[in-house]
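Below is one structure, written out as structure tokens, with a few remarks after it.
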Amino acid sequence: MPIASPSVCSCTCCDGNEDGILYGPSRPVGHTLHATITEVFKHELFHKNIRPESVAVVSGPNSITFQELDHLSTAIALEIEKNLGSSFVVTNPEEELLIGVCLPTTERIVALMFAILKLGAAFLPLDPIYPEDLLLSIIHKFRPIMVITDDDGPILGKYDAKSFAEFCRLLSIEEIWMDMNLPPKDDPKWKTFDKKVELFSTPKNVEPNLRPAVVVHTTGIAGDPKGVRLGHKAVLNRCHWEWHQYAFSKKDACALTVAISSIDAIGLIFASLLKGTTLHIFKRNEVLNMPNLVHKFHEKGITRLYLYSHSIDSFLKAAKALGRNSVELRQLKLVCCLGDDLISTTLVHDFVNFFSHDVAIIKFYGPPEVGGNMIYHRFKSEKDADKKSFSRRILIDSVMQNCCLYILSNYLELTKDGVQGEICVAGDYGRIENVGDRRCLYIEGRFDNQVYYKGQHVLLEELEELILNNDKVEEVEMIIYDGLEVDKVIVGFVLPKEPHRFTLMAEDVRGALSNKIPEYLLPDIRIIEKVPIAGMNRKRVSQRQLVRIYEQERQSGFNNWGKLRFKDKELAACKLLLESMFKFAGIPIDKSANSLTSSFYELGGSSISLLSVLLSLNRSGSQLTLRDFLAAKNLNEIVDKMGQLLDAVKKPPLKETSGDAEPKPKTSNSAFYSINTNDLYETVILPKDSRREVVDMVSRAYFEKGALERYNLVHYKEYYDYFTEIWDGLVAAQLSIIVRRVSDGKIVGCSINQDYYTPTMDMTRYKSLHQVLEYSQELKGVVLSKVPHQKSVIFEIAWMATHKTLSPEDNVIIVTLMMKENIRLAKTDGFSCVFALATSRFFQELCLDVLGFDMLDEYPANNFKLTEGLHPFRVAPTIVTTCLCWLVIGELPTPTQSMNTSALDSLVRSESSTTSAIEYKQMAKIMAKGESLLSTNPKNEERKK
């Protein structure tokens, strides 16, 4: 990759506002971009723009001033020059001078960075927690001429130093410190110490300011590491932008909480030090203890905090625990979110509500390929956050100065605004959306299946490959679990080979991995007896069951049950309830134990997690019903009811399974969900005069909370226009229903149903909604292999919504009521089966675990690809899957033809067919898509054998 330098469009046809392009402001930066980083530093010191006696870097109890940083880096540079001599050979293909540094992040490593830049070389940071194989592969690939480390560090003190010495020279930092000729700090010569450092020359003879300043390892942990070069011009442009956009003052103090080997750290370090601002370095273990970190802010005088996005939530919790007016937070002015993780509107709302206008929050985004932090947005208020969000996702509308961003199609042509494409400066998917009067970037995920995890880009395929290198492992399935109140975690499900089924332990797998990847990237390993297969087709691994296995095996670590003061029976019920709430709703047990007088919803529970909790309780022997759960005012009342039920019903609990079969709970007449709603609500067939109310309800529900729609930005207007267009057909079909509240006649729920073989209309004009419907059509092709192809056989539940004003409890009641009514209506109208596509966790649990539906198949949403090559749901996590739910309620007609596309063709030609040829052609197309979709998993063929 070329040096990442600021790019300014020079063509005459651009006005800075054309489709597919976002521009940053074009801003001259004077002499800065024509100098190197160290030249700018010397210039600022010479002209007293930086006070020499001010503290530059603080690391624990140690600190250095700006004058000490200058002199110390010069002395180090001279020692490096002396040790290298004039006979060194550059061996990397680009003929670039790289010097690696493998040291803990302290004030020393900052001085080393400046020393290397004074020599005209590029700084290559190497994280000392990297295992030997990874460090060796980086050094072998990047070919630095020297690596500086410490005697007690991993290279010289732990690993085989000879293997590293084959690729470069090794130099101890202790040796540099002993040999460098630097006067004591109290010596008058200290202030005048300013020796000349000669720049290394290169065969390319590149101008110093065009050379790379930093080379950072970004991806590749399994033998093929990749990195990015940042030139002096690119780094200084980024610094100048931050100085202009978010002015630094000499009274500011910046907190460096990310590893110096991270690309996000580079801009922060230089933006701070080149402006004379103090940089405070915090170690990784200090950042993990967020409450302790926040306590140090007052002592250090921190005004600017830079954190990875996934740490913002824990920072906000720690801040709330202290209170807004605490001394620790009084000086804070700015919080910057780094990394590829996108923050939610809910988090931004919580932040601006807590800090008001006193502390600004800025979201940076920038793939590592361009040095990060290229795109940004500052949120000033809750209203501002809403303005810059779409379907609960934050959009970013500002590009860094002297930069532009292009969205390209597969043919490298600029896309139209609103059309997905690849960001040309990286491997990311995105699109430009018009929100109000601003054009914003909507980021839709990586093109190359990378995930951003703890500040590192990781390919799950690499982790899977490393685990499969273990000769005791037969199969591996990886997921990213990012649910509830749990931090994002990579989970690996390992199936041992037959001889090792009962001997291979998770610790053994993690131990083997620890020699290959950094400890903080180690996945959470779960040993399984069988790989859970999705549905009746048995062709795909069930992500849903993998998630269930992980949740069931999560350990809370809570042992203080004695303080709850329950008797034996109630204590057992309380333990069962609180552990289920932890596993399936993510509510910490200590939080629940201290709040037994609060309700499930007050503690953070949701409709999505309610059914999972309730099902877990039932499988453990409790006969608690949905009515019991919703009627209870708090957890104490639920515990009392469970205690009564456990005392009345003595039977062994049902075990969870990690194998093929889903545990079969109660069928559709179960008391599990029976609740008397006759006095509260009534269900009626969809009336024609309810169009405006129903269309608005469905459109708003899917626009704001759709399980798929949140990932591809379907506009409210698309829904409204679509449902308005099909309204007359829905009314005529007499299959859809609404729920009215008896007290005031208000419509609080609706279910849009149809005959499975209803002909589809041309949807391409609906853009994003078309992608959702195309996805549904492909999945529906699976059903055609199960039933005869005729009308009035399959009752399809297509869309379901409740009114936005309903409480979570009422939402569960209304949805359950509509599902029961749909099944009754399907039976009354003579249908043989009911079909639904379930993507939300709540609807999956309701269909499969409560109502007794079977699962025909399960499909990960982010695997779906349109014919034109676009991935509309690429940003969806791996665990977001769509279940094809199927309930047989009558006798299925006997098929007269084999269920494949050739049979459909013969049916189309048959004169006796009662279904039109056009409809059968549509069915053939759907079935062909479904067959194609199910064959996309490369593991299927191997599993069939």
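The values are calculated or read from the model by the stated rules, or taken from the named source; none is laboratory data. Since this is a predicted model, take the numbers as computed values, not measurements. Every residue, glycine among them, receives a Cβ derived from its backbone with ideal geometry; neighbour counts consider all protein chains shown. The accessibility values were calculated without ligands, DNA or RNA, using every heavy atom of the protein model including side chains. Shrake-Rupley method; radii C 1.70, N 1.55, O 1.52, S 1.80 Å.
Values for this structure:
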{"read-out": "Of the GluC sites (Glu not before Pro) in segment 37-121, those whose Cβ has at most 10 other Cβ within 10 Å and which sit in DSSP loop", "value": "Glu53"}
{"read-out": "Distance cut-off 16 Å, percentage of C-alpha pairs in segment 220-292 lying past it", "value": "58"}
{"read-out": "Computed P(r) (all Cα pairs; segment 719-872; 5 Å bins; percent)", "value": "1, 7, 16, 20, 21, 19, 11, 4, 1, 0, 0"}
{"read-out": "Probe 1.4 Å, protein heavy atoms only - accessible area per residue of segment 502-604 in square angstrom", "value": "46"}
{"read-out": "1.4 Å probe accessible area per residue over segment 44-132, in Å²", "value": "33"}
{"read-out": "For Leu98, distant residues with modelled amide H under 5 Å away", "value": "Ala122, Ile145"}
{"read-out": "Sequence ranges 225-233, 308-316, 559-567, ranked by mean other-Cβ count within 10 angstrom, highest first", "value": "225-233, 308-316, 559-567"}
{"read-out": "Amide H contacts under 5 Å for Asp417, placed H, 5+ residues apart", "value": "Gly20"}
{"read-out": "Accessible surface of Thr867 - all protein chains present, 1.4 Å probe, nearest 10 Å²", "value": "130"}
{"read-out": "Between segment 815-873 and segment 147-171, the Cα center-to-center distance that results, in Å", "value": "58"}
{"read-out": "Carbon and sulfur %, accessible surface of segment 313-359 computed with the full protein complex present, 1.4 Å", "value": "47"}
{"read-out": "Rounded Å value of the spacing that divides the Cα centres of segment 457-506 and segment 237-283", "value": "38"}
{"read-out": "Accessible area (Å², 1.4 Å probe, nearest 10) - Arg824", "value": "120"}
{"read-out": "Centre separation in Å (Cα based) which lies between segment 309-328 and segment 373-418", "value": "27"}
